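Below: the structure, in structure tokens.
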Amino acid sequence: MGGVEVTKIVTSSDPRLLHVLRGVVRYRAQEAGFEESDAEGLAMAIDEAASNVIRHTYGNRHDARLALEIWTYPDRMEFVLEDSGPKVEPGEVQPRPLEDVRPGGLGTFFIKSFVDECSYEENFPAGNRLKLVKYFARKVSASDESPD
Amino acid sequence: MKVQIRKANDVTILDCSGDVDLYSSPHLRETLMKEMHAGSPAVLVNMAEVGYIDSSGIATLVEGLQLSRQTKTRFGLFGLKGNARSVLELARLHKVFAIFNDEPEALEKISSTEPFGGL
């Protein structure tokens, strides 16, 4: 993969353990150089992603497998959340419009708010691998660069 | 997370402390729904000791707001800080809830607050 695998956590899909994931993500993100607010956002993104797995992929089963890998690169951190549930159709995971005020539906919105990239690994054979990427400094796209 | 219930005159205050996440939000929901149905004219949620709230916790608060319309209960939040304040603002829900800085302000203004939110 070319990076340094700093942390891998394998746990059960028990909501009581979500605070452990948040704590590790906060700690590793700040240690890697993110500001406290970014680290808190990353902790929330991973928490929401894991909660989605517990609720939707595992149907609130608390004894299934949930694994988190945290990779640190010179320019970014990657958080890979792996489950062994049924395949998720990425198109079905969409945030609801904010003007539609109702209980629920904000988890995906928060995930996408706090990371720069969010994608499922297409060729993972069993289960799902959701990769969340946060750059230390936002990438500058070609359209953002103005010629002198 | 802990939720403690107390009364200030005829206002019910839920003092929440700790993290509100997928594990703990059902407890907040159960308490909030019970108090909302108990006939109190106003229910306030004290968030001053809440260090973290996720989308399930926010969903619980939105559900409380919706129920407040049915039960004609005035409903508000106070003491929001850090993550709790920023995620409500990010989801643009700070304009939907009646939010007060602290308990004295909440108790003073809840009786004159538009009772059932903007839903």
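The values are calculated or read from the model by the stated rules, or taken from the named source; none is laboratory data. All figures in this text were calculated on a predicted structure; none of them were measured in a lab. For neighbour counting, all protein chains shown are included, and Cβ atoms are generated from backbone atoms with ideal geometry for every residue, glycine included.
Values as computed for the structure displayed
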quantity: Considering residues of segment A:72-103 that are among the polar types (S, T, N, Q) and at pLDDT 90 or above only, the residue surrounded by the fewest Cβ atoms within 10 Å (Cβ to Cβ); calculated: A:84
quantity: Residue under evaluation residue A:106, criteria (1) crowded, with 20+ Cβ neighbours inside 10 Å; (2) modelled with pLDDT of 95 or more, criterion not met; calculated: (2)
quantity: Strands (runs of 3 or more DSSP E) (entirely within segment B:1-100) containing at least 1 residues that are under 18 Å from residue A:22 (Cβ atoms), within 12 Å of the chain's Cα centre (by Cα) and not aromatic (Phe, Trp, Tyr); calculated: B:11-20, B:42-53
quantity: Number of the exception - residue B:10 against (1) within 14 Å of chain A (Cβ to nearest Cβ); (2) in contact with a strand residue (DSSP E or B) (Cβ under 8 Å, 6 or more places away or on another chain); calculated: (1)
quantity: Output for segment A:29-38, where each listed residue is part of a helix (DSSP H, G or I) and surrounded by fewer than 20 Cβ atoms within 10 Å (Cβ to Cβ); calculated: A:30, A:31, A:32, A:36, A:37, A:38
quantity: Qualifying positions in segment B:76-91 - more than 14 Å from every other protein chain (Cβ to nearest Cβ) and either surrounded by fewer than 21 Cβ atoms within 10 Å (Cβ to Cβ) or farther than 10 Å from residue B:47 by Cα (or both); calculated: B:76
quantity: Residue that is farthest from residue B:21 (Cα to Cα), among those in segment A:21-40 that are within 13 Å of chain B (Cβ to nearest Cβ) and touching a Lys or Arg at 6+ places or on another chain (Cβ under 8 Å); calculated: A:38
quantity: Contacts under 9 angstrom Cβ, first residue in segment B:14-26 being over 18 Å from residue A:53 (Cβ atoms), partner surrounded by 19 or more Cβ atoms within 10 Å (Cβ to Cβ) and of a type in the set (Phe, Trp, Tyr), 6 or more apart; calculated: B:18/B:52; B:19/B:52; B:20/B:52
quantity: Residues that are aliphatic (A, V, I, L, M) and farther than 26 Å from residue A:108 by Cα, drawn from segment B:69-118; calculated: B:106, B:107, B:110
quantity: The one condition in (1) surrounded by 15 or more Cβ atoms within 10 Å (Cβ to Cβ); (2) in contact (Cβ under 8 Å) with a residue 24 or more places away in the chain; (3) farther than 29 Å from residue A:56 by Cβ; (4) among the aliphatic types (A, V, I, L, M) that residue B:99 fails to fulfil; calculated: (2)
quantity: Segment B:55-72 - residue that is more than 8 Å from chain A (Cβ to nearest Cβ) and buried (at least 22 other Cβ atoms within 10 Å of the Cβ) and, of those, farthest from residue B:16 (Cα to Cα); calculated: B:68
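Conditions tested, residue by residue: (1) more than 14 Å from chain B (Cβ to nearest Cβ); (2) not in a helix (DSSP H, G or I).
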residue: A:9; (1), (2): yes, yes
residue: A:19; (1), (2): no, no
residue: A:44; (1), (2): no, no
residue: A:66; (1), (2): no, yes
